[in-house]
1. Compute from the Cα atoms of the stretch 199-295 the Rg and the Dmax, the latter being the longest Cα-Cα distance, and quote both in angstrom.
2. Viscosity 1.567 mPa s, temperature 4 °C: give me the Stokes-Einstein translational D for the stretch 6-278 in µm²/s, with Rh taken as the Kirkwood radius over C-alpha pairs.
3. Name the residues whose placed amide hydrogens come within less than 5 Å of the amide hydrogen of Tyr359, ignoring near sequence neighbours (fewer than 5 apart) on the same chain.
4. Pop out the ³J(HN,Hα) list for the stretch 247-255 in order, Karplus 6.51 cos²θ - 1.76 cosθ + 1.60 with θ = phi - 60°, rounded to Hz; leave Gly and Pro as x.
5. Would you be so kind as to identify which of Ser79, Gln225, Val113 lies farthest towards the positive end of the dipole of the stretch 6-278, taking Lys and Arg as +1 and Asp and Glu as -1 on Cβ and the Cα centre as origin?
6. For each cysteine in the chain, check whether another cysteine's C-beta sits under 4.7 Å from its C-beta; list those where none does.
7. Using every pair of alpha-carbon atoms in the stretch 283-473, split the distances into 5 Å bins beginning at 0 and state the percent of pairs per bin, rounded to integers.
8. Which residue, chosen from Gly351, Leu395, Thr374, occupies the Cα position most advanced towards the positive end of the dipole of the stretch 283-473, where the dipole is computed from +1 (Lys, Arg) and -1 (Asp, Glu) charges on Cβ about the Cα centre?
Amino acid sequence: MPLMTSSEYIESLRKQKKRIFLAGELIDNYVDHPIIRPSINACAMTYELSHQPEYEELLTTTSSLTGKRINRFTHLHQSTDDLVKKVKMQRLLGQRTGCCFQRCVGFDGFNAVDSVTFEMDQELGTEYNKRFREYLKYVQENDLVVDGAMTDTKGNRRLAPSDQEDPDQFVHVVERKKDGIVVRGAKAHQTGAINSHEILVMPTQTMREQDKDYAVSFAVPADAQGILYIYGRQSCDTRRLEEGDVDVGNAMFGGQEALIVFSDVFVPRERVFMCGEYKYSGALVERFAGYHRQSYGGCKSGVGDVLIGAAQAVMKMQGLEKASHIKEKLVEMIHLNETIYSCGIACSAEGKPTTSGTYLIDLMLANICKLNVTRFPYEISRLAQDIAGGLLVTLPSEKDFAHPEAGPLLEKYFRSASSYSTEDRSRIQRLIENLTLGMGAVGYLTESMHGAGSPQAQKIMIGRLANLDYKEQIARELAGVKKGN
Ligand code: SF4
Ligand code: FE
């Protein structure tokens, strides 16, 4: 079944027996849990749209491995056109969900692991790429969601993995067996982990020789023996436990992050893609991060579209269509949002094939994209809050609106432009609250800051890739300044 439907996806999750802690309890039925379900709905949209003829070209493609029609989220990019379509698909999904739809981390992991393992095989005579491609065929054939797990807990940041007081602060190999390896450690902030069928683990940073047990990449089923999830809290998450659908702001969709703990998990040999080859860990991190920095050019601009639309709706609901300063703010928001998107498209259009044939984005432009993403959504949010006004944080609850005494008073005093109901006005305010202060702000703001690496990580890459000496040389030539001065 190369293309699962959204309901088949949701049903497939029910078959997995995952151990998940949420708010101090082990959860039995996570698929229907009111805090978790919106994040499953968001990921399910990657299946839903793949069956809609108008989005077929963006959401599906032909597998380079099997020649079959597959969901694009399981594809190895074969051209710059594939890279561009990826960003367009992500913008569309951001628009349709208003949140992080989670499936990109595995997608970015596939493309990074493919080219790096290919180079390892060529240079070391290993067979990691062969194994990886067999694994990816399985993922494509079954249309699976795979969590790309990179970020370790890292302990004391001053110390390398093998120098840590607690050796488990980075995922590492604790035993080598004839038929596989045993791993231990944890991956933090894992987007969509619980909604995934599989976990693809990669090292979190460049490793040295003494850290070679930490230079490990592998894939395991998400419910493999020894794996435990601890669900991350989001601002205002318990609103999802209340009755009604106004106060949550985005009732249908949401993002998800969790800590994944690996307590002596066995990984069969055919699912190990790096084991000790520390020299390749840096390239894997750099490429995965590069792809995910490209991804943000799509998903964050899509969510930005929702926020800009909400700001325009507020403007109309408040009777301010003619206020030129608000129109100006909307244009400013659009400018920032389209700049993010432009960077996503630019790094894709400038992509090049790697030796495996899989296309890699232009790393400099992908880093510029992500550095902009660490800033612009904050400014877009500031402008949206400016337009929304104080009601954004003083609006009474949905229950007050339903109360026989308080409700009519709220209807009377929060009425604005007569063509819009007070409830619609509340709904739009709550959506802006969700995106800039609530559950949605996890994905739209803090994830924009730290996801795919914090700003400093992009600045280091930009400094490295900039070729400053060339810039100095052309300036010297034009100014007539001799070499060596
Ligand atoms: Fe995809 Fe964006 Fe979520 Fe990353 S943050 S998984 S790119 S939607
Ligand atoms: Fe992310």
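1. 18.2, 56
2. Once the numbers are plugged in, D ends up at 67 µm²/s.
3. Residues meeting the criterion, in which the H sits 1.01 Å from N, are His77, Gln78, Ser79, Thr354.
4. Going residue by residue, I get 5, 6, x, 9, 5, 7, 10, x, x Hz, with x marking Gly and Pro.
5. The residue sitting farthest along the positive end of the dipole is Ser79.
6. Cys43, Cys99, Cys100, Cys104, Cys236, Cys275, Cys299, Cys347
7. Reading the bins upward from 0: 1, 8, 15, 16, 14, 12, 10, 8, 6, 5, 3, 2, 1, 0, 0, 0.
8. Value computed over the given set: Gly351.
The values are calculated or read from the model by the stated rules, or taken from the named source; none is laboratory data. These numbers were taken from a predicted model, which means no experiment stands behind them. Using ideal geometry, Cβ is built from the backbone for each residue, glycine included, and neighbour counts are taken over all protein chains shown. The accessibility values were calculated without ligands, DNA or RNA, using every heavy atom of the protein model including side chains. Shrake-Rupley method; radii C 1.70, N 1.55, O 1.52, S 1.80 Å.
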